[in-house]
1. Once you have the Cα-Cα distance between Asn75 and Lys126, take 0.36 nm times their residue separation minus that, and quote the gain in nm to one decimal.
2. Placing unit charges on C-beta atoms (Lys and Arg positive, Asp and Glu negative, everything else neutral), compute the dipole magnitude of the chain about its Cα centre in debye, rounded to 20.
3. Suppose R0 equals 41 Å; then what is the FRET efficiency for Lys117 and Thr324 from their Cβ-Cβ distance, rounded to the nearest 0.05?
4. First select every other residue whose beta carbon is under 11 angstrom from the beta carbon of Gly184; then total the charges, Lys and Arg +1, Asp and Glu -1.
5. Could you tell me how far the Cα centroid of segment 142-187 sits from the Cα centroid of segment 91-129, in Å?
6. So how much slack lies between Glu376 and Leu54, counting 0.36 nm per residue of separation and subtracting their Cα-Cα distance, in nm?
7. What is the spin-label model distance, in nm, from Val40 to Glu351 if the labels are put 7 Å beyond Cα along the C-beta direction?
8. If I take every Cα pair under 8 Å that is 6 or more residues apart in segment 7-394, average their sequence separation and divide by the length, what percent do I get for the relative contact order?
Amino acid sequence: MESKKDLYQELGVASDKSGIKANFDEIIAKEYPYAFVNIVTDPYEDSRAVTLHLDGDGSKFIQRLLDYYEHGDENVFAGMVDDALTMNLGDVAASGFVFGPMLIADVIDQGLNPEIKAIVLRQVKKRFQELLQLYAKFGFNVKIKFMGGETADLPYQVKSLVFNVAVNAWEEKVNIVTGETKPGDIIIGVQSDGQAAWEDKPNSGGMSNGQTLLRSGAMDLSFNEKYPDLGDGHFYKGHYRPHDKPEILEGMSVGEALLSPTRQWAIVIREIIKELKNRGIFHMLHGITMNTGGGATKIKNIGKAVIYSKTMPEPPALFRFIQTETGQPWRHMYTSCNCGIGIDIVGEDNEEFKNAVKGVAFGCCLKPYELGFVFESTDDENHVTLYTPYGRFEY
C-alpha cells in the first residue's frame, strides 16, 4: 500500500501555498476573484485592468551553482532568467494580459564571491536581451519594457543567490480571462516536455517547481561534504552527478533534465487567445492555469464550486526518474510537479474551440491533450480528481 507521506513537505516546502493564502487572502485586492492572478481596475482608466505579479526561479539556482562547480559552464546561469520571467509572464498571461504594456524589474539578493557574481550578472544580462527579442518576435513588440532592478550584496543573510522578477501589466478588460469556469467545460492540457518551435533543444518538462525534491532525490550524497554551503549536511540523498545519463532519462543528463528552463508559456497563451479572437469565439475561453506550485492540481485556483476531473497521460521521463529515486508517492508527485502538463485551458465543450486550441498547440510543436471536464461541486469548494496511470487521486 502506498505511503501517504509527502517528502516535499518534509523538505520544508508547501506546494499548495496554503499558509500564504490563509494569512493574506483577506487583505489582497482583487476584482476578479476566480481569475488566475489578482486583478484590479486601472485607477486612471476604467476600461483597463492592471495586475502586479512577483515570482522567481526558486531554489533552482542551487542546482545551477552545483553544476557550475562540477563542470565550469557559465551558461547554466542563463536559464534562471527563463524561469523567473515566465513564472511571471506566464501567470499574468493566464488571465489575459498578453496585448497590453508590461514593465519588468528584477531583484538579486546574493552572497557569492565576486568572480561568480560577475559571471551570473553577465549571463542575466545576455539572457534578458535574448528573451525580450523572442517576445518581440511573437508580437509583444515594444510593449514589454525592462526597467532594471536591484542587486543587493547580503553575505550574512544569503549564502548563494535569490533571483526574483516583478511584472506590472495592463490590459483592456474585454481581454481578461476571468476564470469563471462552469460545469460542462472541457479541459485541454498542453505538454510541458518536448521542444517548442522556438526552443533550441528538448525540454524535460520540469519547469521551476518541485526542484527541492528533484535535487535532493537525484544528486549524489557526496555533495553534502563536497559543497557544504549548498545544503545542510544531509540534503543530498541520491547517487547521480550532473553529467550522468541514466537510461530512464532517454538521452538527457541529470543536470540537463533538472535545469531545463520553464517554457515561455505566455507565448503559447497569447497565440491561443489571438486565434480565439480571430475566430470570434474568445467568449468560449473561461480559464487558464500555468501548472507550477501545486502541479496538476493548480487548476483549483480558478473558478468556484466546481470539480475538475482530468485523465492524465503517462508522465515524462523526468518525473518517473524522480519518483523512482525518491519514493515520493504518486499522489504527492502530482501536487509537487506538473507531471507532464504545463498549462490547462478550460472552455466550452465546442468543436471549434477545441480545434482552435489544439491547432495553436500543434503550431507551437507541442502536444495537446483532452484531459477531461468540469463538474458541479456539492459544496462551495473547488476539487480536483486525477485519473492517472498510478491510480485515482482526489484533492
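All of the numbers you see were taken from the coordinates with simple rules; none came from a lab. The structure displayed is predicted, hence computed values, not measured ones. All Cβ positions, even for glycine, are placed from backbone atoms using ideal geometry, and neighbour counts span all protein chains on display.
1. 17.4 nm
2. Values: 40 positive and 55 negative charges, 95 e Å.
Dipole size: approximately 460 debye.
3. Once rounded, the FRET efficiency stands at 0.65.
4. -3
5. 11 Å
6. 112.7 nm
7. The modelled label-to-label distance comes out at 4.6 nm.
8. Once normalised by length, the contact order is 22 percent.
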